[in-house]
1. Using modelled amide H (1.01 Å from N, peptide plane; none on Pro or chain starts), what sits under 5 Å from the amide H of Arg285, excluding residues fewer than 5 places away?
2. Calculate how steeply helix 169-179 sits against the longest principal axis of the alpha-carbon atoms of the chain, using the helix alpha-carbon long axis, and give the answer as 0 to 90 degrees to the nearest 10.
3. Per residue of the stretch 103-119, in order, report the coupling 6.51 cos²θ - 1.76 cosθ + 1.60 (Karplus, θ = phi - 60°) as ³J(HN,Hα) in whole Hz, putting x for Gly and Pro.
4. Let me have the 222 nm mean residue ellipticity of the chain computed from DSSP H runs of 4+ only, each contributing -39500 (n - 2.57), with the sum over all residues rounded to the nearest 500.
5. Which angle from 0 to 90°, rounded to the nearest 10, does the C-alpha axis of helix 17-27 make with the longest principal axis of the chain?
6. Can you give me the pair-distance distribution of the chain, C-alpha pairs, 5 Å bins, whole percents?
7. What are the ³J(HN,Hα) values, in whole Hz, obtained from phi via the Karplus relation 6.51 cos²θ - 1.76 cosθ + 1.60 with θ = phi - 60°, for each residue of the stretch 63-80 in sequence order, with x given for Gly and Pro?
8. Can you tell which of Pro81, Leu68, Pro35 lies farthest toward the positive end of the dipole of the chain, using +1 and -1 charges on the Cβ of basic and acidic side chains (Lys, Arg; Asp, Glu)?
Amino acid sequence: MPCVHQLARTGRAGGSELSNSALKSWYEPRRTAFPWRADPHPYGVLVSEVMLQQTQVSRVVPAYLRFLEQFPTPAALAASPLADVLRAWKGLGYNRRAAALWRAAGVIVAKHGGVVPSNPAELARLPGVGPYTASAVASFAYGAAIPALDTNVRRVVARHRLGTSGAGAAEVLRAATAWIDRADPGGWNAALMDLGREVCRPEPLCAACPLRRGCRFRTAPAEGGRPGRRTAPFEGSMRQLRGRIVDAVREAPSVTVAGVAARWDEPEDRVAAAVAALATEGLVRAGPGGRIRLGN
Ligand code: SF4
C-alpha cells in the first residue's frame, strides 16, 4: 500500500474549486484564533496537539499559555521534574499525556538536538504521539502535504468526497490526500477540522456549510440508520478515580490510599489498584503506609 508521501506526490486536486475556495474563506478568520495557530512553532504545535487530544479547546488555551511560559522549549521541559509537569497539567485530565509529553521532550533533546522532528515517521516514534498527532505537527508546523485525519476530518472527507459516512480508513486517506491544498496543507487540515467540529457534525448543518456545493453526501440517497457509538460513562469509572488521585497528590505533598478512599467513598482496594496502575505509568509513587506522591 502506498504511504502518505507517495499518495501526496501522485494525488490530483479534486472536487469543486468553488467549494474549496469557499472553505478557505470560511476558515480565514479562524486562522489566528488560537495561540498555536497564530505562532505555529513546532514545539508549541506539539504541546497543543497533545493537550487537545482529549480536552476541549476552551480549557486548553489558558493551560497552553501557562505551560509554554513554564516550559518554553523541549529542553526546558525535559530538564524539569515530572512532578512539576504534572502540576502544570492541572485541569486538563488524562495525566498520562503529561508524562508522555515529558518523555517525548527527553527524546527530542537526546536524539533530535532539542528540535521537534519534521518527519512524520520520526514524530510518530515519540512517546504519546500517534499517527494523527504526527501528521498534524508535520503539516501545521512544517507544511507537509499530508492529511491529518482526526474523527472530524474523517467524517467531512468521507461525506464530501465519497458520499457516505461509512467509508474505510484507506479509502478516506486516499480521498483526503488527493483533496489536500498543497499550497497550504496546514491551513487546509485545520479548516477541515473546524468544519467537522462546527458544521459537518454527526447531524450535519449543510445549509451553513461552505462545502455544500459539490458535496456528494448532501445529494446522496439517505443512508440507513447506523447504531451510534456508545460512550462509556465517566461517573464512577476508573478513569475518574485515577484523575481524583492525581488531583489529590497535586494539591498536597503526600496523601494516603485510605485518605483518598474516605474522601471519595471508594473501597480501599479499588484505590490501591488505581494507585498501582498510576505508579506503573510513573504518574505517582506509592510508599509505605499507603502514602502516595506525585511521580518523578
Ligand atoms: S454539505 Fe453537509 S454533509 Fe457535506 S460537508 Fe457540508 S455539512 Fe458535511
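1. Long-range HN contacts for Arg285: Arg293, Leu294, Gly295.
2. Its long axis makes an angle of about 60 degrees.
3. For the stretch 103-119, the Karplus-derived couplings read 5, 4, 4, x, 5, 4, 5, 6, 10, 10, x, x, 10, 4, x, 9, 6 Hz, x marking Gly and Pro.
4. Mean residue ellipticity at 222 nm (helix-derived): -17000 deg cm²/dmol.
5. 30
6. All Cα pairs, binned at 5 Å, distribute as 1, 5, 11, 14, 14, 13, 13, 10, 8, 5, 3, 1, 0, 0 percent.
7. 5, 4, 5, 5, 4, 5, 5, 6, 10, x, 9, x, 5, 5, 5, 5, 7, 8
8. The residue sitting farthest along the positive end of the dipole is Pro35.
Values in this text are rule-based calculations from the coordinates and carry no lab data. All figures in this text were calculated on a predicted structure; none of them were measured in a lab. Heads up, the Cβs are rebuilt from the backbone with ideal geometry, glycines too, and the neighbour counts pull from every protein chain shown.
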